[in-house]
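Here's the structure we're looking at; comments come further down.
The values are calculated or read from the model by the stated rules, or taken from the named source; none is laboratory data. Since we're looking at a predicted model, the values are computed, not measured. Using ideal geometry, Cβ is built from the backbone for each residue, glycine included, and neighbour counts are taken over all protein chains shown. Just so you know, the surface numbers come from the protein's heavy atoms only, side chains and all, with ligands and any DNA or RNA stripped out. Shrake-Rupley method; radii C 1.70, N 1.55, O 1.52, S 1.80 Å.
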Amino acid sequence: MPGDEQAVDSRTRSPVHVRPDTPAFSPAAVAASCVGFVLIGALQALYGPAIPALRKEFGLSPSAAGLGLSAHFVGGVAGVLLFDRLYGRLGNRQILGASYLLMAVGAAGFALAPNWPAALAAALLAGLGFGGIDYGLNQLFAVGFGHRSTAMLNILNAHFGIGAILGPALVGMIGSAHYPALFLGFALANLPLLLCLKGVRDLAPEPADSAGADDGRALGRSLGSVLAVFVALYVLHVGVEAGVGGWEPTHLETVGYSAGIAATATSVYWLMMTVGRFLVAPLALRFSAQTIITVSCAGMTACLLLASVPALAPYAYAGVGLFIAPIFPTGLPWLHRSAPRARRAGALVIAASMAGGVAAGPALGKAIEASDVRAVPLLLGGVSALCLAATLWLVRSTRAQ
């Protein structure tokens, strides 16, 4: 049919023509996807506040209690890679449905686990579903809304931030001793979302501008190099994100702020990340992904340098949250346009971003041991400068010939 968009039937792998104006999601499915991201954000954020109760219940050391979140992240990386293998072989509804069920079963298992090994196994299972939801929805939003994909991805990922703020707030309200009720509640909240999956188009659409494209035509350098730099950008910027979130309170207390102010400033940092994604959504309809990410990396670097000035530090960290917000969701459509045939590239960078979050803590800790806590913003500023350098390289290398 002339002018139709070509997609691939996820069961038969045969070409299927889909009208360009056929939505990838119904309005109800879009809303359910945003709720799904609230849930995965909340679930990830519940492990930390639950640590005091976990230590008391299972007799754990601090490091052992922290393994709950590590197991979740390991499951998340495995989930991304597993569901990437299934993407295009199973329908999108099946992949997302299985992911919601895995996360629900894992969260419920963590709440009801009789011992710590069982709890870790449940956290791994929940992470597996988490990774499938994170990968599946990011992948579909990146290609399913045409020129609006960047804006929609920012809105989707902003809801992750809402969940990340909501989870600890609920723990604070009811107390960490009642963490099983929260995990059970979030497990049950996954189930109604299954009813909205019928509004997801059960095809694997290609990027709108990829029909007949050649991976290398739009690339100034080899595809492998471009993908490697995209991976580096994602690892580094998630390292900055996790580094600020983990070390901002300690740095602010070291330079003279009270514990209360330091904690509040860190909450504002996460809030600004959420606000930033909502704010950039309309901008994404007017400016290219390259422009948005370049400005974001430059602003993030400048704010981290300003954070080394004690009087400016709390405000500068809020600025970091605002500028870093669009990088993750805005980079995915850019990646898909740059390498439309390299479908596994999306899974690679999402898995890399999770690995970056896991590695950031130990790596930054070693760097601080070799210097001083006061050097935190400068150390992170150096990493942010590498993000900016990677972005500028990608802008040159993915420019159409």
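Quick rundown of the values:
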| item | result |
| --- | --- |
| Residue list for region 71-95, filter: open to solvent by 50 Å² or more (accessible area, probe 1.4 Å), of a type outside the set (A, V, I, L, M) and modelled with pLDDT of 80 or more | 85, 93, 94 |
| Unique match (being over 23 Å from residue 134 (Cβ atoms), out of contact with any Gly (no Cβ under 9 Å at 6 or more places or on another chain) and among the hydrophobic types (A, V, I, L, M, F, W, C)) among 313, 355, 307, 302 | 313 |
| Flag for residue 213 being modelled with pLDDT under 55, among the aliphatic types (A, V, I, L, M) and in a strand (DSSP E or B) | no |
| Residue in region 379-401 that is nearest to the chain's Cα centre (by Cα), counting only those that are farther than 16 Å from residue 294 by Cα and surrounded by 15 or more Cβ atoms within 10 Å (Cβ to Cβ) | 380 |
